1. Please report the spacing between the Cα centers of region 199-255 and region 115-160 in Å, no decimals.
2. Distance in nm between label sites at V74 and K118, each 7 Å beyond Cα in the beta-carbon direction?
3. Any idea what diffusion coefficient region 187-281 gets from Stokes-Einstein, in µm²/s, Kirkwood Rh on alpha carbon pairs, 25 °C, 0.890 mPa s?
4. Classify region 204-345 as rounded, prolate or oblate, taking a ≥ b ≥ c as the square roots of the eigenvalues of its Cα gyration tensor: rounded when a/c is under 1.5, otherwise prolate if a/b is larger than b/c and oblate if not.
5. Output ³J(HN,Hα) for region 396-401: one whole-Hz value per residue in order, computed from phi by the Karplus curve 6.51 cos²θ - 1.76 cosθ + 1.60 with θ = phi - 60°, and x for Gly and Pro.
6. May I ask you to compute the full-extension gain from K104 to S264, defined as 0.36 nm times their residue separation minus their alpha-carbon distance, rounded to one decimal in nm?
7. List, in the order given, every pair from K104/K131; K142/K334; K118/K306 whose Cα-Cα distance in the structure shown is over 29 Å.
8. With a 1.4 Å probe and every protein chain kept in, tell me what percent of the accessible surface of region 22-452 is carbon plus sulfur.
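The values are calculated or read from the model by the stated rules, or taken from the named source; none is laboratory data. Source: prediction; values computed, not measured. Cβ placement follows ideal geometry from the backbone for every residue including glycine, while neighbour counts extend to all protein chains displayed. Just so you know, the surface numbers come from the protein's heavy atoms only, side chains and all, with ligands and any DNA or RNA stripped out. Shrake-Rupley method; radii C 1.70, N 1.55, O 1.52, S 1.80 Å.
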Amino acid sequence: MLLFAVGFLLVILQPSMGQFPRVCANVQSLLSKECCPPWDGDGSPCGELSGRGSCQNILLSQAPLGPQFPFSGVDDREDWPSVFYNRTCRCEGNFMGFNCGECKFGFSGPSCTERQVKTRRNIFQLTISEKNKFLAYLNLAKNIPSQDYVIATGTYTQMNNGSNPMFRDINVYDLFVWMHYYASRDTLLGGSNVWRDIDFAHEAPGFLPWHRVFLLMWERQIQRITGDENFTIPYWDWRDAEDCEVCNDEYMGGRHPTNPNLLSPASIFFSWQVICTRSEEYNSQQALCSATGEGPIRRNPGNNDKSRTPRLPSSADVEFCLSLTQYESGPMDKMANYSFRNTLEGFADPQTAISNPAQSGLHNALHIYMNGSMSQVQGSANDPIFVLHHAFVDSIFERWLRRHRPMLEVYPAANAPIGHNRENYMVPFIPLYRNGEFFKPARELGYDYEYLQEPALQSFQDFLTPYLQQARQIWAWLVGAAVLGGIVTAVLTGLTRACRKKKGGTSSEIQPLLIESEDYNNVTYQSNF
C-alpha cells in the first residue's frame, strides 16, 4: 500500500498534456509569447541538452480556409496558438509534450524507443473488478486537480494582451470537459454579438482526428493519475441497441426514482457537477466558461424528440457509412453529401449519405437520444458516457481507414472550415498536434480495438476491398485481357501438341498429367490462404 502511494505521487507529478501549461500561464510567458518550459531531466528548455527538442518558432499553415468564418483577428483560436504563444517546444524523434518530457503515443521507455499497442475493450467484456476499477478511475479524475494545466477564464483581450493573466485550476476530468467546450464555443464579437457558425472540433474534416487525440490524451491522463499504465478506454457498441444498455447503476448510472431527468442516487455519478453548459449566459456576458459547478448531470435516455432521432443507429447504418469512399466532399461542413465524415458524424442520412441537418444519425443520434447533458455540444463531455460513445465512433473511423487505406493527401489540405485544414493545429491542445497527424491507423498510435482484432479472414477482406473496387472500374479491360490470354494459350498449346506428335513415341521423361488412383491417398494438400 505504501509503495502504491509513493508511486501514485510520483506519477501525478509527471508532465501531461491539455490546455494551457501552468508554467506558461504567467505575464512573462504571455508577453514574450514563448512557452518552452525546462525538462526536469536536464533542466534545459525542451530538454535540448539531452537532444529531446528545442524552442522554435511555430510554423502556421498558410492554406486558404473555407467561407464559413468571414472574420479575421477576432477570435483567440485563429491560427492556434499564435495569439498566446508563437514559440513552443519542437520535439525530436519519439519525444512529445509541452517540454518534450514524454513519449509520443505508441512509444514508451526512457528513450521512447519501445513500441506498444494496447487494446480497448467492450465495456460488457470487462470483468466486474475491471469495470469497477474503470468507474473508480473516472471518479478519481473528477476529484483530483490537474498538476500541469490550468484553464483560461478570459480572452486574450480581457487579459490586457497578456499583462493581466486570467487562469484558474481545474480537476483532471473537467479539464477535458472544458477543452471540448473551448473548441466548440461561439466567437465573441463584442457587445451582445456572437458568431455561431464556428467549431474547431465538429462539423468539418477535423471531427474524427480531433476526438481521436482527445481520447488518447484522456487515456494517458488516467494512466498517469492512477499509475495504471495498461489502462485503456472501454467502448460501448451501440449498434442495434433497443435502449441505453449502460444506463444502470452497475455501469454509468440508472434513472432517478422520482425525477427521470436525473441519475440514480445509487450511482457514483449522482454527485457530479457539470460545467460549461450555459452558452447563452456566457455569450450575453461576452465571457468564457469559468468551470464553476452548474448542477447535476442530466440524462433521460429515449425520451428525446423522435422526429429528429427515431432510434439508435443500426448495424446497417454503420455498414453503409463504411462503404462510402470519400472522406470529405463539397463544402466540407455539415452540408457535405456522400462524405464518410459527415455521415458518421450524423449530419447526413445513414442510408443515403445526403446531408439532412434536421435529422440526427450515427454519432449525433447517441447524443440526442441521451436527452440531457450529452445533447448540448459544448457541455456534452460532462456525461461520462461521452468517452464510451466516442471510443466506439473512433473504432468506426478505424475500420474505414483499414478498409480504404487512404493516403494522407485524402485529408483536405485547403478550403476546409477554419481550423480543419490538414496542417492546422488542433484547438486547444498544447503540445501542438496537426489534424493530418492523426489521419492514420490506430496501431501506429499505440492502440487497437478488441473487436477489430479478428483473425486473418476479416482483415484479408478489408485489405482486398479497395483493390476490388478499383478492379470493378477496369473490369472490361480485365475480361478482354483474359480472353486474349486464353486465345494465345490455346494456340501455343496446340502448336506444342502438334510438335510432340510429330516426334512420335513417348519419352521416359514425360509424366502423366493426372494422378493415378492408387497414388491419390499419398498426396497431402495444404492451403496457405
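1. When both Cα centres are located, 10 Å separates them.
2. The two pseudo-label positions are separated by 4.2 nm.
3. 142 µm²/s
4. Since a/c stays below 1.5, the shape of region 204-345 is classed as rounded.
5. So the Karplus estimates, Gly and Pro as x, are 5, 4, 5, 4, 5, 4 Hz.
6. Full-extension gain reported as 53.6 nm.
7. The answer is K142/K334; K118/K306.
8. 49 percent
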